[in-house]
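Written below as structure tokens is the structure these notes are about.
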Amino acid sequence: MNITESLLYALKAHGATRVFGIPGDFALPFFRIIEESAILPLHTLSHEPGVGFAADAAARANCALGVAAVTYGAGALNLVNAVASAYAEKSPLVVLSGGPGHGEARSGLLLHHQVKTLDSQRKIFEEITCDQICLDDAARAPADIARVLASCRRHSRPVYIELPRDMVAVECLPVPTLPAPPRDTDKLDACVDEVLQRLARAAAPVLMVGVEVRRFGLEDKVAELARRLGLPVVTTFMGRGLLAEADAPLMGTYMGVAGLPEVTQLVESSDALLMLGVIVCDTNFAVSHKSIDMRKAILAFDAQLSIGHHTYADVGLADLVDHLLQRVQATDTHYAVARQVFPRGLVADGASIAPHDIATAINDLMATHGRMPIASDVGDCLFTAMDIDHTALLGPGYYATMGFGVPAGLGLQAETGQRPLILVGDGAFQMTGWELGNCRRYGWDPIVLVFNNARWEMLHSFQPESTFTDLDEWDFAHMATGMGGAGVRVQTRAELHAALDHAISTRGQFQLIDIRIPRGVLSQALQRFVAGVKRLNAVE
Ligand code: TPW
Ligand code: MG
């Protein structure tokens, strides 16, 4: 077995199912081994940001490692933003980069793709990954790979693996399986005691779930815990889509002033807010008049449990949830959840289309044809998704990078085999929409809804006096044909209804619906968000 094969088997053992990539000369040798060994299938895309987002989405969908393979320099550095996004949003993405061989590194010449020093790339990735390794020693490689992949899973953050091009075919032992780190059951008992005491004393406890719950594959367990504790459950904005399939007392999504008032009220008046796997960030929390009193909150995140003023270190979320489940019996006190009512029954008339109509149409569609997983970009489409009935959702709700939606939808379909809905703004489509051109080769057929308002509308709503946020009207429907899909432009609610009906019943080709939305027409959630942020800024 050679180093590359050993690495691929280890990735597979950690749940990776495929590799997304773009080769270059530093990467050709290891791409050859990926293809010829057939240990994991390889999907090449068009631009490295797409590779990163697709691999990240595969990781998110599968709760296991995603793999992005690129060449040294121009390839790897094109991946930086996608990896940063995965780092911030806790996705276990493995970056495999080709690198210069030993002899080349000492030639004294500058190599093409070299930036400052041969190490510049690794240093850049140090900042956006939780562990790094250059596989320049075949004897050490198995232990190094084992460590790096274990870090990736444990922290649920990206890692960086560099493969010098003269090392890829060197003989190497298989990667050992590392034993699970021991559990400190005394500490877990102490944590659980304290959490349960706090909840028992509280008048209005609430459970808030965040992305780590999904990253560590804990949705069913957390839903069971919520049922046993009889707690109302909310997700964060970033965690939207969590527990969609579970039978949990799910109230909705907490978004401060941008959210539904009853959810905001529930969370902000709670005297014991139990936050499991929640990224405590401004988009989730700062858009509020009354910030959450962290002294009354219990936060489990990043292998730490903070209760009021003190913190337990090295408490993994999975261990904590398991221990809680061992200790909590089913309760009789069930929380009567006022479930969010989602808009239904699109009026298919000649009126122009608002984002709210798109949510309504999607709810109608899913009620008839079953739920579909969604990949969304940032922009008003992500806010519109808050009006769509609970379903699996991948979106950049925290780091908020544009360009995620389309490639994430491809990663989602590759990984789950389910046909996804992709929600994307015209501005974001201009960035990475072209990856749709790869659907035909791989048999992917997402339904792509372009929220086309000929503007960076979200930016415009914060600074309406500027004109640079206006975009041209691009004819995305025509472009779809050229990329191997089918496209249609819709301007009225009747046309939207008909186009969705056609799209859902047509398989085998991606179906793009270019939805013309008049400039300035926002979803209700984005309206609340913009108004809330402006009010808060005015007070400061
Ligand atoms: C990679 C900044 C946040 S929202 C937005 C920009 C430019 C406008 C999005 O326009 P789009 O959607 O897609 O047409 P909509 O509904 O607002 O009209 N570059 C990156 N990421 C971000 N977040 C920005 C810039 C931004
Ligand atoms: Mg737009």
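The values are calculated or read from the model by the stated rules, or taken from the named source; none is laboratory data. From a predicted model like this one, the values you see are computed outputs, not experimental measurements. Note: ideal-geometry Cβ built from the backbone for every residue, glycine included; neighbour counts use all protein chains shown. Protein only, heavy atoms only, side chains kept; ligands, DNA and RNA dropped before computing areas. Shrake-Rupley method; radii C 1.70, N 1.55, O 1.52, S 1.80 Å.
What the table shows:
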{"quantity": "Residues of segment 364-390 that turn out to be polar (S, T, N, Q) and open to solvent by 10 Å² or more (accessible area, probe 1.4 Å), as a count", "calculated": "1"}
{"quantity": "Some residue of segment 502-517 being open to solvent by 30 Å² or more (accessible area, probe 1.4 Å), within 25 Å of Phe237 (Cβ to Cβ) and within 16 Å of ligand 2 (Cβ to nearest atom)", "calculated": "no"}
{"quantity": "Single residue of Thr416, Thr432, Thr469 found to be in contact with a helix residue (DSSP H, G or I) (Cβ under 7 Å, 6 or more places away or on another chain), open to solvent by 30 Å² or more (accessible area, probe 1.4 Å) and either within 27 Å of Ala498 (Cα to Cα) or in the same structural domain as Gly370 (by TED's automatic domain parsing) (or both)", "calculated": "Thr416"}
{"quantity": "Filter result for Asp282 (of a type outside the set (Val, Ile, Thr), open to solvent by 60 Å² or more (accessible area, probe 1.4 Å), modelled with pLDDT of 90 or more and closer than 24 Å to Phe216 by Cα)", "calculated": "no"}
{"quantity": "Enumeration of residues in segment 144-187 that are among the small types (Gly, Ala, Ser) and farther than 30 Å from Ala57 by Cβ", "calculated": "Ala169"}
{"quantity": "Criterion: under 19 Å from the mean Cα position of the chain (by Cα), within 15 Å of ligand 1 (Cβ to nearest atom), in a loop (DSSP other than H, G, I, E, B) and closer than 26 Å to Ser461 by Cα - qualifying residue of Ala375, Ala385, Ala428, Ala400", "calculated": "Ala400"}
{"quantity": "Tally, over segment 483-499, of residues that are more than 21 Å from Ala454 (Cα to Cα) and open to solvent by 70 Å² or more (accessible area, probe 1.4 Å)", "calculated": "1"}
{"quantity": "Residues being in contact with a helix residue (DSSP H, G or I) (Cβ under 8 Å, 6 or more places away or on another chain) and of a type outside the set (Asp, Glu) - total across segment 218-233", "calculated": "9"}
{"quantity": "Conditions (1) within 25 Å of the chain's Cα centre (by Cα); (2) at pLDDT 80 or above; (3) open to solvent by 50 Å² or more (accessible area, probe 1.4 Å): number failed by Ile298", "calculated": "(3)"}
{"quantity": "Residues that are open to solvent by less than 60 Å² (accessible area, probe 1.4 Å), assigned to a loop (DSSP other than H, G, I, E, B), touching a residue at least 40 places away in the same chain (Cβ under 8 Å) and not hydroxyl-bearing (Ser, Thr, Tyr), drawn from segment 124-169", "calculated": "Ile128, Cys130, Leu135, Ala138, Arg157, Pro158, Met167, Val168"}
{"quantity": "Search result, residues across segment 467-502 that are within 12 Å of ligand 1 (Cβ to nearest atom) and either in contact (Cβ under 8 Å) with a residue 60 or more places away in the chain or hydroxyl-bearing (Ser, Thr, Tyr) (or both)", "calculated": "Thr469"}
{"quantity": "Single unsatisfied condition, Gln524 versus (1) over 25 Å from the mean Cα position of the chain (by Cα); (2) within 16 Å of ligand 1 (Cβ to nearest atom)", "calculated": "(1)"}
{"quantity": "Per-region count, segment 456-473, residues hydrophobic (A, V, I, L, M, F, W, C) and touching an Asp or Glu at 6+ places or on another chain (Cβ under 7 Å)", "calculated": "2"}
{"quantity": "Options Leu324, Leu243, Leu320, Leu266: the member that is not charged (D, E, K, R) and not in a helix (DSSP H, G or I)", "calculated": "Leu243"}
{"quantity": "Tally, over segment 435-459, of residues that are part of a helix (DSSP H, G or I), surrounded by fewer than 21 Cβ atoms within 10 Å (Cβ to Cβ) and within 9 Å of ligand 1 (Cβ to nearest atom)", "calculated": "1"}
{"quantity": "Residues (part of a loop (DSSP other than H, G, I, E, B), touching a Ser or Thr at 6+ places or on another chain (Cβ under 8 Å) and surrounded by 16 or more Cβ atoms within 10 Å (Cβ to Cβ)) located in segment 1-28", "calculated": "Ile22, Pro23, Gly24, Phe26, Ala27"}
{"quantity": "Conditions (1) more than 8 Å from ligand 1 (Cβ to nearest atom); (2) open to solvent by less than 50 Å² (accessible area, probe 1.4 Å); (3) under 20 Å from Met372 (Cα atoms); (4) over 17 Å from the mean Cα position of the chain (by Cα); number of the one not met by Val406", "calculated": "(4)"}
{"quantity": "Exclusive hit being of a type outside the set (D, E, K, R) and buried (at least 19 other Cβ atoms within 10 Å of the Cβ), set Gln114, Gln121, Gln197", "calculated": "Gln121"}
{"quantity": "Any chance Gly395 is surrounded by 24 or more Cβ atoms within 10 Å (Cβ to Cβ) and modelled with pLDDT of 95 or more", "calculated": "yes"}
{"quantity": "Residue that is farthest from ligand 1 (Cβ to nearest atom) [pool: residues in segment 415-425 that are more than 14 Å from Leu382 (Cβ to Cβ) and over 15 Å from the mean Cα position of the chain (by Cα)]", "calculated": "Gly417"}
{"quantity": "Any hit, segment 92-111, residues being among the hydroxyl-bearing types (Ser, Thr, Tyr), touching a residue at least 60 places away in the same chain (Cβ under 8 Å), touching a Leu at 6+ places or on another chain (Cβ under 9 Å) and under 18 Å from Pro49 (Cβ atoms)", "calculated": "yes"}
{"quantity": "Scan of segment 460-484 for residues that are among the small types (Gly, Ala, Ser), over 21 Å from Gly437 (Cβ atoms) and not in a loop (DSSP other than H, G, I, E, B), ordered by number", "calculated": "Ser461"}
